Structures are given as C-alpha cells and as structure tokens.
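The values are calculated or read from the model by the stated rules, or taken from the named source; none is laboratory data. Everything quoted here is computed from the prediction, not taken from an experiment. Every residue, glycine as well, gets a Cβ built from its backbone with ideal geometry; the counts of neighbours run over all protein chains shown. SASA here: full protein model, heavy atoms, side chains in, ligands and nucleic acids out. Shrake-Rupley method; radii C 1.70, N 1.55, O 1.52, S 1.80 Å.
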2 protein chains.
Amino acid sequence: MLFSVKMQQNLTIADVMQNGGKWFMPSLSLDCVIFGFHENQMKVLLLKMKNAEQWALPGGFIYKDEDIEEAAIRVLRERTGIHDIFLQQFHVFGRPGRSDKKFHSDIMKKDGIKPAKDHWILQRFLTVGYYALVDFAHAIPHPDGTSTSCEWWDIHEVKELFMDHKHILDKALETLRLQLNHQPIGYTLLPQKFTMPELQKLYETILDKKLDRRNFQRRMMGYGILKRLSETRKGGAHKAPYLYSFDLRRYKKALQEGLQGGW
Amino acid sequence: MLFSVKMQQNLTIADVMQNGGKWFMPSLSLDCVIFGFHENQMKVLLLKMKNAEQWALPGGFIYKDEDIEEAAIRVLRERTGIHDIFLQQFHVFGRPGRSDKKFHSDIMKKDGIKPAKDHWILQRFLTVGYYALVDFAHAIPHPDGTSTSCEWWDIHEVKELFMDHKHILDKALETLRLQLNHQPIGYTLLPQKFTMPELQKLYETILDKKLDRRNFQRRMMGYGILKRLSETRKGGAHKAPYLYSFDLRRYKKALQEGLQGGW
DNA sequence: TATCATTGCGTCATAAAGACGCATTGTATG
DNA sequence: CATACAATGCGTCTTTATGACGCAATGATA
C-alpha cells in the first residue's frame, strides 16, 4: 500500500499521517489489482507516485469499524468512479520485511514532521489483496492524494512496481487464471455487447495462449450462456461479426458449477 | 481465534493477556483448518474450549516480526506434532463484528483482571484462514493452554463452532474442493502406501458424491502419477487390493498444470 | 471346498476436444 | 461496378475422454 490519503481525497497527507493511527486498523492495508480489457489487451490500473519515480497499485487503509471489503469497494470507487464493481479477495501478503519504512519516514521528514519510531505508519504492514474486473469504457481513472497520475497499463509492460506490488499483481493474475471457469470474467470485463473474437481475445490474454477460433465459438455457445443479437459490428475492415451479450441468469447458474472443461 | 496461549504452552493465560500487546501484531490472528483422513472420513481437528461448552479451530497470534505462514506452521506443529506440514492460506475473515469481545473480557474478569476498554484483546480482530492437510496417523493432537482437549471431528458432524469458525471451516472445504486438481490432496492426506478404494473414498468425501469405482481407477492411472506396488493389503474380508504410492516427481509436475478434467 | 463381496481389467456407447474445410460477408481496390 | 481479400459462421472428421456396466479373479469366511 501507499501510505496514504487514497480514500480521503480532501485530506492532506499530513492529516493522515497524524490521525491515521486513530482512524484506521493498525498494521493493515489493502491493495487492489484493477483489471480492464481494452484493444484486445489486459490492462491494470496503476498510480504514479508523487514522491518517487515508481508506480504502485491503488490501495488504502481500513477504518476501525469498516468491513475490509467495504474499504476495497471504496478504493475502487474512488479510483474508477464505478460503483457496482466485481471484486475478489485473493491473498494476504504479510512478510515481515515487506513494508518500505524508509520511504514513509522520508516523506514525513520532507514535510517537516519527525515521526516517532512507534508511529503507526512505520509499523510492519500486512496487505489484503483484492482483484477487480471492470468495464474499461466505464472506468475513469482518478489519482489519489499520493499520486500524480492514474493510468491503465498493459499487464505485459509492467516490469517493476513499488514494494511487493509486482508480486501482488502476478499473484492476482495467477488466481484469475485458476478461477477462469468460476468467475464472470467476460461479463465484468467486456461491455454489454461484444463480438465473439473479442471474447476469445479476452480468454487468450488471460490464458496467455492462442485458441482455435472455431472451436472456441462452438464451446462458448455450448455453454448456453450467450445470446446472439441480430446486430452486427459494422465498421471493421472485413465481415461484420455478430454482437453477443450474456444471458445473465444462465451465466450465473453455470458459474456455480463452474464452466466445464479445461483450457 | 481463541484469545489465547495457543502458541506458548508454558505461558499462562494471564501472561498472554498482559503481554500479548507487546509481543503480537495488533488486531490480527490466524486460524487453521487441519484436515485429516481416517476410516474413510474427512476429519478436522478441533479444540474444546476451557471456558465454554464450545469447540473452536486451533489458532494463534503472530509475533511482531514473524511471517504469518511461520506462525501457522508453529500452530500446526504444536497441535499435531508434525513438522513438515502442507498448508495453504485461503481467506481473510474481517467483518467488524466477528470478534467475541464479551467472551474475552469475561475470562479476564474471572481471573481477577479488569481489562481496560482499549486492551489489545478487546479490539476488533481479523483472522487469516489456513487449511492444512496432514497424515492422520502421524498427527498427535495436543490441546493448548485455552483448551481442555483436542480431537478429530468428522466434518459432517460439526454443527456449530466458536464465533465464525464454522463459516471458516465451510470456506476451507469449499476452497479445497475448488483446488482439488491443483493440490496434492492424496499425497498429504493419505499414508505413503494406500489402496485405490482409499484414494477414491478421499475424493468422494471431499466432493461429497459417489464415483464409479472402475472409471476412477482408469482415470487415476491415466494421470501417470501413481506407482502400483507389488504388495497387497491383506487382512480385509475380501480380495486383497494392491497398494499404491505417488510418483512424487510426476505428481508435482502434473499438479502444476492441474490434473485434467472435472469431477 | 463353496460362498461372496470386493477387486482388476475390459467393452461399448456417448460426449467433448482438437484440427481443419469451405462458403459467406462487408470493406477495400482498381 | 466487379473483384480481391481477410475475417466470420458453420460444418465435418478424427481423436480422446467420460459414463455405464460386464465378468473373471481373489482371498477371507463359513
């Protein structure tokens, strides 16, 4: 987690540094791996940190009487503007050495604050990892108080992140892959209407391998979770593909058992 | 979590109550769902609590400089005597209302201690859930300082547990089911040598459904992860079945991709 | 020695998965 | 405006996996 004012836009860093210990659960943060799908690529939302040439996952602290999941929803809403978001807790990261204490104390010194050694922000922190799947077109990235910008990155281009955030991202991807048949991947990541090639590219990106176009279509239609619309997507350079949307009722039912078959 | 002396057998409850705040991470505990397999039934290790007519999951606190997983290993070692244990973190339980504060303050009052309202044990606690798979025959249940006994329960007979521990147990089982093809279920839960019917019963118990004996054998052998020994298990009332053991090299390799096929 | 439940191995029918052929379609090009 | 082109939609064929079940062999028991 960044140290930070992520969930309190109108609070200053100094406010949080001073009062965080009163407001938040001690030694605990959360980080969100927010996935989007755009131009046939998986994207992840990252923050450019104010005080360093690094990028980080959006995160936050948990108020003393707040459900962790509520806190995650809050962070997601503030970073993307989306209220109805799909998210899943996937892992707790708690190695004793994972917090960058120097980073935080340096920032405070810069602000003229000399933090006590037992200052809450300088303690060891655990972070609860959540991944979220959002419709790229509906998300409007908003930086928080600790960051200068908030941008989508292609997951393949992310090399190094703040602290152990790259590790967290990798673990999120791994989890997503394993849960592919049990989570509403397509429904949450694609717009309401989409083409079969788009859905296929989504699967290919997550699985990181090519799939046969014709077999993919047969299988997807076999699940009985897609409705083919009468419209087609015009404007492409070639034959206009049909648009599809999910039959949400059937989709959810199918996911309870898990979509059958491996990839 | 029980409040408790679980990881410090020679410490008194009073010791922990008084000093826990100095030693442990605040507001954080861990709980272990320890599975064993015996007489064709899945068992879970539970503690009978000293101060209540309730059973609870073994758990513990995390020292301030201790890795959470290390702490879980510590708890498992102390409850079972097993050093080389298979465990997996599966979920964090963090609802604000999940801690039973009255329970803890009552115990302290019983001991003549009048806890301050901000006493560490009376704070809101999160707990990190781990599940462990152990060889039943090698585990020797040891109660901890907060419990009068430590026993294996058939998972189907567990009705109600302390706080949200039943919920934690259910979630562990659900996770185990989902990860069946990716975890060394058989290797960790069965003794080194086992029969095919035993392996099948293990799968049937976890999946909670009957499988065809002959198709199960064909499929298992098809994975190429089992070695059939020349010995048979004598003593049964009927035809002596062959003993098998895992080809660990192949098994681990197969698990990386996941055993193919659904159940 | 006969009995009997269990075990090991096999067959058959059906369903799913993988590889690929081909006509159709909407756009672009000359 | 005819033609080329690449992507799409649908289908076939083959190979594998799955589900249901038959049957002989086995080893303790009566």
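With the label 7 angstrom out along Cα to Cβ, how close does B:Pro197 come to the same site in each of the other copies, in nm, nearest first?
5.8
Have a look at the DSSP beta bridges in the range B:13-178 and tell me what percent are antiparallel, nearest 5. Write down the numbers at each step before the final one.
Numbers: 24 of 32 bridges.
Restricted to the range B:13-178, the bridges split so that about 75 percent are antiparallel.
Starting from the Cα gyration tensor of the range B:137-210, take the square roots of the eigenvalues, sort them a ≥ b ≥ c, and report rounded, prolate or oblate (rounded when a/c is under 1.5, otherwise prolate if a/b is larger than b/c, else oblate). Let's see the in-between values first.
Numbers: a/c = 2.17, a/b = 1.40, b/c = 1.55.
Cα axes put the range B:137-210 in the oblate bin.
Using every Cα-Cα pair within the range A:1-143, state what percent have a distance larger than 24 Å.
Summing the P(r) tail past 24 Å for the range A:1-143 gives 29 percent.
With every protein chain in place, what's the accessible area of B:Leu28 (1.4 Å probe, Å², nearest 10)?
10 Å²
At q = 0.15 Å⁻¹, what base-10 log of I(q)/I(0) does the Debye formula yield for the range A:192-257 when every alpha carbon is treated as an equal point scatterer in vacuo?
The computed values of log10 I(q)/I(0) come out as -0.51.
Return the whole-Å distance between the Cα centroid of the range A:54-123 and the Cα centroid of the range B:216-255.
49 Å
Regarding the protein assembly as shown, what is the average projected area of its C-alpha convex hull, in nm²? Please list the in-between numbers first.
Working: hull surface 112.1 nm².
Answer in nm², one decimal: 28.0.
Distances from B:Glu70 to the same position in the other copies: list them in nm, one decimal, shortest first, using label points 7 Å from Cα along Cα→Cβ.
3.5
Ignoring ligands, DNA and RNA, please state the percent of accessible area on chain A from carbon and sulfur, probe 1.4 Å.
Numbers: 6010 of 12560 Å².
Accessible surface attributable to carbon and sulfur in chain A totals 48 percent.
Given the DSSP H assignment, sum -39500 (n - 2.57) over each helix run of at least 4 residues in chain B and divide by its residue total; what's the result at 222 nm in deg cm²/dmol, nearest 500? Walk me through the numbers before you get to the answer.
Details: 8 runs with 86 residues, N = 263.
-10000 deg cm²/dmol, from helical runs alone.
All other residues with a Cβ under 12 Å from the Cβ of B:Trp23 taken together, and with Lys, Arg as +1 and Asp, Glu as -1, what is their net charge?
On the way: positive: B:Lys22, B:Lys64; negative: B:Asp15, B:Asp65, B:Glu66.
Summing Lys/Arg as +1 and Asp/Glu as -1 gives -1.
Put the label 7 Å from Cα along Cα→Cβ for A:Glu257; what are its distances to the other copies, in nanometres, shortest first?
Once sorted, the set of distances for A:Glu257 reads 2.6 nm.
Run the numbers on the range B:88-148 and let me know its relative contact order in percent, using alpha-carbon pairs under 8 Å that are six or more apart. Kindly include the intermediate steps, with their values, before the conclusion.
Details: 44 pairs, mean separation 29.8, N = 61.
It comes to 49 percent, rounded to a whole number.
Of A:Lys252, A:Lys166, A:Lys114, which is the most mobile in a GNM of chain A whose springs link Cα atoms less than 10 angstrom apart?
Of A:Lys252, A:Lys166, A:Lys114, the Gaussian network model singles out A:Lys114 as fluctuating most.
Per residue, how much accessible area does the protein assembly as shown have with a 1.4 Å probe, in Å²?
Working: 25130 Å² over 526 residues.
Roughly 48 Å² per residue, with all protein chains present.
Enter the accessible area of B:Thr148 (Å², nearest 10), with the probe set to 1.4 Å and all protein chains included.
80 Å²
Please report Rg (one decimal) and Dmax (integer) in Å for the Cα set of chain A.
That works out to 20.4, 67 Å for Rg and Dmax.
For a paramagnetic label modelled at 7 Å from the Cα of A:Arg218 toward its Cβ, which residues of the range B:230-263 fall within the zone defined by backbone nitrogen distances under 20 Å?
B:261-262
Ordering B:Glu257, A:Glu66 by accessible area with a probe of 1.4 Å, largest first, what comes out? Intermediate results must be reported in sequence, preceding the final value.
Details: B:Glu257 145, A:Glu66 25 Å².
These residues rank, largest area first, as B:Glu257, A:Glu66.
Based on the Cβ-Cβ distance of A:Lys110 and A:Glu70, what FRET efficiency does E = 1/(1 + (r/R0)^6) give at R0 = 25 Å, to the nearest 0.05? Numbers along the way, then the final one.
Values: r = 32 Å, r/R0 = 1.28.
Efficiency, from the Cβ-Cβ distance: 0.20.
Quote the relative contact order of chain A in percent (integer), defining contacts as alpha-carbon pairs under 8 Å separated by 6+ residues. All intermediate terms of the calculation are to be shown ahead of the outcome.
Working: 454 pairs, mean separation 58.8, N = 263.
Normalised by residue count, the contact order of chain A is 22 percent.
Before anything else, pin down the relative contact order of the range A:149-263: Cα pairs under 8 Å, at least 6 apart, normalised by residue count, whole percent.
27 percent
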